[in-house]
Amino acid sequence: MTNTNCEHLQPLLAACADGAASEADRALVTTHVQTCAACAHALQVQQLMHQAMARRGRATADVAPPGLRTRIAANLAAERSPVIDVGWRTRLSAFAAAAVVVLALGAVALPVITGRSTVVLAAQLALDHLKCFTIDGHDHGEVLSVAEAEAELLNDYGWQLSVPPSAGADQGRLLAVRRCLYGDGRAAHLLYRVDGEPVSLFILPGLERPVDQLSLLGHDEVVWNANGRTFMLVGNAGSRNQLLQMASNLRNGAE
Amino acid sequence: MDALYGTAVRLARSPDAAQDLVQDTYLKAFRARDRFVPGTNLKAWLYTILHNTWRNRRRDRARSRVEADSEAVDQAADQAGDMVSAAPDSPEALLVNAALSDELREALDGLPEAFREAIWLRDVEELTYQEIATALDVPIGTVMSRLSRGRKQLHATLIAARAATNR
């Protein structure tokens, strides 16, 4: 392993061993090791250690202590503040990242606290609103009908749920239906566009939260309940009047 | 979070320091959330913040920098590696495969930090070379070099430890 060719190939051996090398590099190395015992040995060492670490490295990892998640959740809760002076696309990206960061912590602290606090529940749903619009909220001009939405909820999630009927232009266009997990169970998540802006309606069966209006995480939220279910509308900051009108339409339409 | 914590322990080699590191990482990630690009690898982004946080702490404490590319490291790995054969069913491969998790952990923790990071991020966390290069703020060629040298030294350490155990 002293000639220039061998030295040049050394870094490539690592990539060949773990499958990251290009076809050209792999061909170069394959040809070379047929006539170079030292590099053939070095390649085998790379493969052996890559496989050992890939297979067993995780077993050497330490598990995060339970209290760490709680402390981080508390730290992040203390950091929360509304973001106003940016467009909704920027805000969506920023909070989507925040949502993923928070959700990446795992469902340890939130299930405990969402059962007690509408504010925390609203915060979690605001993050779900952003996450789901990032994933599934692209507006291609198509509209999901109430029948399609109900069929999707039933077929994809096994939910037999009445999607509130449309009640005028303020209702917006229904784009997609998803199921979200929150602290106390599952929520149907209906994604709308109203005047181009993202608006979410969450329906939480088996939970009755009092009528409320909140502003947090750069969003306005309107809460009400009916027939043993809680409904939460989530929209951008400044959309409260629009949300209240939608809530009124939805409630009147359901009666 | 376990994955991030596991990486932090590998870096800091202390559970307490690792907890501080992970807490700071999440806090910084939350504050820098507008810089995350949706559709890119969140895990790699968090590792980048973790690595930068760790590097800044080390700098603040004015600790001596690990010379990952030193000739001594190369020579030690070369010498140990050349003594044995690595055929898949060779005694050497059997020794590596028989190594206990504790032995693997000790061998890994004994590596220079730059090698340890590269191996962990690639072989355990399965980041791409580009993601590792971004996280560590080094060129891809350096990632390849560190991986190559790190695995070679890890192998030599493990073989030596197993040989001593079986003696």
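Rg(Cα) of the range A:4-60 divided by 2.2 N^0.38 Å? Walk me through the numbers on the way to the answer.
Values: Rg = 11.9 Å, N = 57, 2.2 N^0.38 = 10.2 Å.
Against the empirical 2.2 N^0.38 Å value, I get 1.17 for the range A:4-60.
Add +1 for every Lys or Arg and -1 for every Asp or Glu among the other residues with Cβ under 12 Å from the Cβ of B:Ala18, and state the total. It would help to have the intermediate numbers written out before the result.
Values: positive: B:Arg10, B:Arg13, B:Arg57; negative: A:Asp62, B:Asp2, B:Asp16, B:Asp20, B:Asp24.
Neighbour charge sum, excluding B:Ala18 itself: -2.
Excluding B:Thr134 itself, calculate the net charge of residues whose Cβ lies under 14 Å from the Cβ of B:Thr134, where each Lys or Arg counts +1 and each Asp or Glu counts -1.
Neighbour charge sum, excluding B:Thr134 itself: 0.
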Bin width 10 Å, alpha-carbon pairs only: give the P(r) of the range B:2-60 as whole percents, running from 0 to the bin holding the largest distance. 24, 55, 19, 1
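What does the extension gain come out to for A:Asp195 and A:Arg179, with contour length at 0.36 nm per residue minus their alpha carbon separation?
On the way: separation 16, 0.36 × 16 = 5.76 nm, distance 2.39 nm.
Length gained, A:Asp195 through A:Arg179: 3.4 nm.
Every number in this text was worked out from the coordinates using simple rules, so none of it is lab data. Since the structure is predicted, the reported quantities are computational estimates derived from the model, not experimental observations. Methodologically, a virtual Cβ is constructed for each residue, glycine included, from the backbone with ideal geometry; neighbour enumeration extends over all protein chains shown.
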